[in-house]
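Engineer: Let me give you the structure first, and then I'll get to my questions.
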Amino acid sequence: PAEELDRRIRAAKEALGSRVTILGHAYQRDEIVQYADFVGDSFQLAQQSLKHPEAEFVVFCGVHFMAETADLLTTDDQPVILPNLAAGCSMADMADIDAVQACWDQLAAVYGTEPDADGRVPVVPVTYMNSAASLKGFCGAHGGIVCTSSNAREVLEWAFERGQRVLFFPDQHLGRNTAKAMGVAVEDMPLWDPRKPRGGNSEQDLLDARVVLWRGWCSVHQRFTVDQIAQARAKNPDVRVIVHPECPMEVVDAADEAGSTRYIQLAVDAAPAGTAFAIGTEVNMVRRLADTRPDLTIECLDPVVCPCSTMYRIHPAYLAWVLESLVEGRVVNQVSVDAEVAANARTAVERMLAVGA
Ligand code: 13P
Ligand code: SF4
């Protein structure tokens, strides 16, 4: 029962005291968020991972790629624990190191490997935070970088200073929406389908490319539609529609604003009483925003709400289990990145932290 789990989690947390830090992503359900010492987006949680050297353990209530990133940033003797190891991300699973390496080799065959007269390399690899540590390692080893939804533009600017074009994976929508807002033509962003030769592109498509987009997407954010925006506006013509940049381009174009998890949080925080929002992002976050601002009208853009099923796998029963195990002196469900990829992956994440958000 919920009360029993609540009692056990609180007791274990109290017994551990400052020995444990609990980090929670904004998409976690309220039953988890209530125990987090810090709640934020993936960029903020990466920053927080650096800020608790006093804690013996970090319990990460989020998904696997976020816990891996925390492991890159915490000290060597500070285990990072993911309460349920099955909490992955379907988008992150859409790119793996072998497919990215095959793509990279084919792009090298098209563009060569020599820098141009201004010293810009043919391609800079950029991986979204939502990717395995091995892909972050790939970027670190090839002059590339990591981005999150809150700094994708700044990171692309960083990449274009160093390269003639960008390979962006795994989320096509974040890459397309961000580059488009920077003035890159959509036709100069070929889509790379890892299942097809040359990613399904002609030589010409690739020669003109500014951003090569990986064919990946978020199953949650891809559900939002232009039709839902029309319905929200029909219901209330003054509604302010904000969507996450993981939504498809036509949805971003039809919205009033597009922005990251943090952008949405700040927009709601700053809104005058009475503002109505229709928000296109994960429903647990939208519900929490609505609860914290009862003076606003906040609805999820998708009326048939669908939470991120993998974020949802962090159930209080798992949190109770990992905390009680720590009390008993056992570390369970530790996420640790192979030393072989960790150094390069850390380089790519640190480049991103230096760019900021
Ligand atoms: P943020 O980078 O905004 O935290 O988003 C993470 C995520 O998984 C979005 O789907
Ligand atoms: Fe992955 Fe989408 Fe869930 Fe974010 S919301 S963790 S991108 S499946």
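Engineer: Answer rounded, prolate or oblate for the stretch 200-357, using the Cα gyration tensor with square roots of eigenvalues a ≥ b ≥ c: rounded when a/c is under 1.5, else prolate when a/b is larger than b/c, else oblate. Spell out each step's value before the answer.
Structural biologist: On the way: a/c = 2.07, a/b = 1.17, b/c = 1.77.
Oblate shape, in that a/c is at least 1.5 and b/c is the bigger or equal ratio.
Engineer: Please return the longest stretch of the chain lacking exposed loop sites, where trypsin sites (Lys or Arg not before Pro) count only if DSSP places them in a loop and at most 13 other Cβ atoms lie within 10 Å.
Structural biologist: Numbers: sites that count: K51, R195, R330.
Between the exposed loop sites, the longest stretch runs 52-194.
Engineer: Right, here's the next one. Rg over Rh of the stretch 1-67, using C-alpha atoms and the Kirkwood radius, what does it come to? Mind dumping the intermediate values first?
Structural biologist: Working: Rg = 12.0 Å, Rh = 12.4 Å.
Taking Rg over the Kirkwood Rh, I get 0.97.
Engineer: Tell me, what ³J(HN,Hα) does each residue in the stretch 73-87 have, in order and in whole Hz, if you take phi through Karplus 6.51 cos²θ - 1.76 cosθ + 1.60 with θ = phi - 60° and put x for Gly and Pro?
Structural biologist: 9, 6, 6, 4, 9, 10, x, 9, 10, 9, x, 10, 5, 7, 7
Engineer: Using only alpha carbon pairs under 8 Å that are at least six residues apart, calculate the relative contact order of the stretch 230-302 and give it in whole percent.
Structural biologist: It comes to 30 percent, rounded to a whole number.
Engineer: So what are the radius of gyration and Dmax for the Cα set of the stretch 115-252, in Å?
Structural biologist: My reading of the Cα-based Rg and Dmax gives 16.1, 56 Å.
Engineer: Regarding the stretch 221-300, what is the average projected area of its C-alpha convex hull, in nm²? Write down the numbers at each step before the final one.
Structural biologist: Details: hull surface 17.9 nm².
Across all orientations, the stretch 221-300 yields a mean hull projection of 4.5 nm².
Engineer: Given a Förster distance of 51 Å, report the FRET efficiency between R7 and V186 from their Cβ-Cβ distance, rounded to the nearest 0.05.
Structural biologist: Values: r = 54 Å, r/R0 = 1.06.
With a Förster radius of 51 Å, E is 0.40.
Engineer: Hey, another quick one. Once you list every other residue whose beta carbon is under 14 Å from the beta carbon of L82, what net charge do they have if Lys and Arg are +1 and Asp and Glu are -1? Don't skip to the end; give the middle numbers.
Structural biologist: On the way: positive: R313; negative: E68, D71.
Net charge around L82: -1.
Engineer: Moving on. Go ahead and run the numbers for FRET between A317 and E54, Cβ-Cβ distance against an R0 of 25 Å, rounding to 0.05.
Structural biologist: Values: r = 28 Å, r/R0 = 1.12.
Efficiency, from the Cβ-Cβ distance: 0.35.
Engineer: For the chain, report the translational diffusion coefficient in µm²/s to the nearest whole number, using Stokes-Einstein at 4 °C, 1.567 mPa s, and a Kirkwood Rh over Cα pairs.
Structural biologist: Numbers: Rh = 21.1 Å.
For the chosen part, D equals 61 µm²/s.
No lab work stands behind these numbers, since they all come straight from the coordinates. Fair warning: this is a prediction, and the values are worked out from it, not measured in the lab. Methodologically, a virtual Cβ is constructed for each residue, glycine included, from the backbone with ideal geometry; neighbour enumeration extends over all protein chains shown.
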